[in-house]
1. Using +1 on the beta carbon of Lys and Arg, -1 on that of Asp and Glu, and nothing else charged, what's the dipole of region D:101-215 about the Cα centre, debye to 20?
2. With Rg and the Kirkwood Rh both taken from Cα atoms, where does Rg over Rh land for region A:1-115?
3. From zero outward in steps of 10 Å, how is the percent of C-alpha pairs of chain A spread across the bins?
4. Hey, what did chain C get for relative contact order, percent, Cα under 8 Å, at least 6 apart?
5. Tabulate in residue order the Karplus-calculated ³J(HN,Hα) for region C:132-145, using 6.51 cos²θ - 1.76 cosθ + 1.60 with θ = phi - 60°, rounded to whole Hz; enter x for Gly and Pro.
6. Among A:A206, A:A116, A:A167, determine the one that fluctuates most according to a GNM of chain A built with springs between C-alpha atoms less than 10 Å apart.
7. Mind putting together the pair-distance distribution for region A:147-231? All Cα pairs, 10 Å bins, whole percent per bin, short to long.
8. Explain nothing, just compute: Karplus ³J(HN,Hα) = 6.51 cos²θ - 1.76 cosθ + 1.60, θ = phi - 60°, for every residue of region B:183-195 in order, whole Hz, x for Gly and Pro.
There are 4 protein chains.
Amino acid sequence: MPEYPTALGASTPTSITLLGHDLASEVMGEVGFGELAFWLATQRRPSPGETRVFEAVLAALADHGFTPTAIVTRLTYLSAPDSVQGALAAGLLGGGSRFLGVTEDCGRFLHEVVAAHDPLPSDDAGWDELALQTVRARREQRELIPGLGHHVHKDGDPRTPRLFEIAAEEGLLGPHLSLFAAIGRVHPAVLNRTLPLNGAGVCGAALADLGLPLELLRGFALLARTAGLIGQLAEELRRPVANEIFLSVDLNNKPIPPEPFPPGESHG
Amino acid sequence: MPEYPTALGASTPTSITLLGHDLASEVMGEVGFGELAFWLATQRRPSPGETRVFEAVLAALADHGFTPTAIVTRLTYLSAPDSVQGALAAGLLGGGSRFLGVTEDCGRFLHEVVAAHDPLPSDDAGWDELALQTVRARREQRELIPGLGHHVHKDGDPRTPRLFEIAAEEGLLGPHLSLFAAIGRVHPAVLNRTLPLNGAGVCGAALADLGLPLELLRGFALLARTAGLIGQLAEELRRPVANEIFLSVDLNNKPIPPEPFPPGESHG
Amino acid sequence: MPEYPTALGASTPTSITLLGHDLASEVMGEVGFGELAFWLATQRRPSPGETRVFEAVLAALADHGFTPTAIVTRLTYLSAPDSVQGALAAGLLGGGSRFLGVTEDCGRFLHEVVAAHDPLPSDDAGWDELALQTVRARREQRELIPGLGHHVHKDGDPRTPRLFEIAAEEGLLGPHLSLFAAIGRVHPAVLNRTLPLNGAGVCGAALADLGLPLELLRGFALLARTAGLIGQLAEELRRPVANEIFLSVDLNNKPIPPEPFPPGESHG
Amino acid sequence: MPEYPTALGASTPTSITLLGHDLASEVMGEVGFGELAFWLATQRRPSPGETRVFEAVLAALADHGFTPTAIVTRLTYLSAPDSVQGALAAGLLGGGSRFLGVTEDCGRFLHEVVAAHDPLPSDDAGWDELALQTVRARREQRELIPGLGHHVHKDGDPRTPRLFEIAAEEGLLGPHLSLFAAIGRVHPAVLNRTLPLNGAGVCGAALADLGLPLELLRGFALLARTAGLIGQLAEELRRPVANEIFLSVDLNNKPIPPEPFPPGESHG
């Protein structure tokens, strides 16, 4: 028979362990939820400073109002109120490349640069030089810089300086955040316009500096969003808007004739 | 045009608010993730004691090892590694009536009793009397008592006394937990056997005592499980087992002839 | 080692079987998709008449325009265009008790009555009598009759007479459809108003008459809807509306102060 | 107010239209389900030959026994039997890059080559020459050829010649299938070994030849699989295996110590 190793939850008739610790006496009442989520993902207990930066990231990503994911969760609950799990899962499925994906894209992008440079710069001038090379290379390949630009916060995303500040307070301003900050300083000289470092991007940089697995950076954005979507459902229960959203679309549908694809072909 | 009211996330070009507070200065770095999840769901900021009880519940529910939900998340990631959101959503979809549902069922069941009694008992003897009525009534209707019994922890679920202890330390041992404890004391006299109060049930009682919306109790179990499923994915990345699980099933498939449904009917 | 019996797909290095038949030579090119779906669900091959009724049901349920499920699939694709499977899955998650559920509810409701009566009526007068008892009993218990009433097609759902007609043409007008028709005739005398037999309800009756498993009637509605949701995505690719739907909500959000739950309590 | 154009479902109090046709009189009972799915995706009605090829593809992809997606659907239903939609959605979420993705990858790959060559070859020798260039170019870029190779059907996937045959019978052996066949003939000379053209790949080629939107080829595989997953649920209801699968994993879990990530770092 195959065996399936795991360091996560395990139980015997008289005890339950999680991450090698007794769940009841060592985890419950002792470990905060953000701390536990970090611990589960890395199998190492974070320091209080790491937990604070991590929870600041989760706060930054938890809810952005009527995003597609929030609308989807509310509409799914309207349609299938028997399944809270379905409404939450549907909302999370919007956490892909376009909306929540920036966090992961930015963390991976920064990590590629950081991992390719040894030794890393030791001062702002060195980071600026590396950032300049990086921005130029992306521009030559006509690729966007992940984390740069925001459709609403054009003159600055308020989450960005705050997360730098918190990371600095905790002594956790590592290479990914340093490079991201430098990109913020140097990109106008290359791109000929000044774009804000956005909140999703700085969150990806901070998560990478915390040593979290890059393949799962999107997962932390989804964890944060799960809390936000529960908030959306709780508000929907008391101040429902989903039916009005549905009707605003359905009542404004405009029937048009079919448009055969590929164009010009039809057996109908 | 319709308007869509919300007290959750909102933004202007220069600011982002969440729950009426400035996200950057008042939430990030100031509010833990469990605290924020509670706040989002109730639109009121919990006290430190409420947060501790809430986070103890989340810790109790975060991961139970190789549950169906954990296996599902790992298998889905094996099959579709391009979509972390899909793997997490698939796992959460198992959070229904049988596994994660006990938390919500127990909270709702206790609340029905509590809401129907005014005034509520003021001492253990009073709670025992109410619990006795309740257990007898369920038994007469041949209905199970949610939260009673566990297939592994037959002589006691270690999470249960610990959560009572934490709630008592924080002065948050309210009517739902009181009734649940009394059910634990009196049920053997009615059922002629002694069953443990299980962890999922005590979590439901504690969440109900915290004043969280009963319709969403399952949602908090799902939030906890999201952190656990990220842990499962992180472990799968380093110690993969999903392919072996898949093969252990696929290689042991046993082809059998079709069995027509309804029996006896076949046009084949 | 455990063994896992199945009559569905199986393969050896040189052959693939499905339902005990050679997939390549006996199924591909020989069996239509509706026919195959029926066969997979019942493990018996349907007759041409059964297939025609089944496919008529699927056609009736495939797409109803801008339903919540359609909007959800489009919004999820907007947000996560990397995952077609996520967009389809999100849409299907709205197939619950309220929208797609009527089909299953109606089939189960009719089956309960049919299964409890032996022998069943042999003429319209007999069905009317049974329908009258059934409608009266539901009314006394203040329960709705599944399948009765429609918010748009108040004077008659055009799918209903057509499905009766197709079933009659194929000699498949069985007890569930007979009872449903009789409910349509007799309910005005009990309810003092005339409601249409709706399309979702007649589909449930027809699926029950086809001998399909009642636990999965919702599943067939979801299969039909999967085809519809692919149509929605195909149209979204060429005539996108999801972003406009999103903006019509987001730009009309109205920030309001938090409303603590339960009312009156706040530690904030 | 914005308007939302659609050629799909629309209704008035007295009529329902789908794709510009009267649903009740022109679609129900007249249009098969595979035909309808094609029509919904392209907004043009397929010819009988196109429908036959399309349905042969759906048959080829509907069920492959105990795949991860099938196991996931069964486990999710075990855990949340209240939600058929959740069980189906969870299974579909495994339809990503690794398992169901080959169909789409192969169709897109072939289309890139076909779209870049005008005029296209007019005989087998011409196709072989183009295939040779294509295989060589992929090999130089160290990229795999989508659709080539199978872990079980090493000497030939039985679905492949059958689908070529059906397409030829219907006069629908177009450029994508022609190129794919040529790749099958020429690749041994470049790769120095003979690999089978697999069933998922030939399905992608056939779907591309049918003129279906390339962005949604995965969607058709998911439609086929939805029927298969309903079959899996129907069999699970009568011959349950999910609990045994779950226990075969859970009872063989092997607790191991946590392994901190990144290696060597731990605050625990």
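1. Numbers: 10 positive and 17 negative charges, 111 e Å.
Using Cβ point charges on Lys, Arg, Asp and Glu, region D:101-215 gives about 540 debye.
2. Reported Rg/Rh, Kirkwood definition of Rh: 1.05.
3. 6, 23, 26, 23, 14, 6, 1, 0
4. 25
5. Using θ = phi - 60°, the values come out as 4, 4, 5, 5, 4, 4, 4, 5, 4, 7, 6, 9, 6, 8 Hz.
6. Residue with maximal mean-square fluctuation among A:A206, A:A116, A:A167: A:A116.
7. 17, 44, 33, 6, 0
8. 4, x, 7, 9, 4, x, 5, 8, 8, 6, 7, 9, 10
The values are calculated or read from the model by the stated rules, or taken from the named source; none is laboratory data. A quick note: this is a predicted structure, and the numbers were derived from the prediction, not measured. Neighbour counts are summed over all protein chains in view; Cβ atoms, including those assigned to glycine, are modelled from backbone coordinates with ideal geometry. Just the protein is used for accessible areas: all its heavy atoms, side chains included, with ligands, DNA and RNA removed. Shrake-Rupley method; radii C 1.70, N 1.55, O 1.52, S 1.80 Å.
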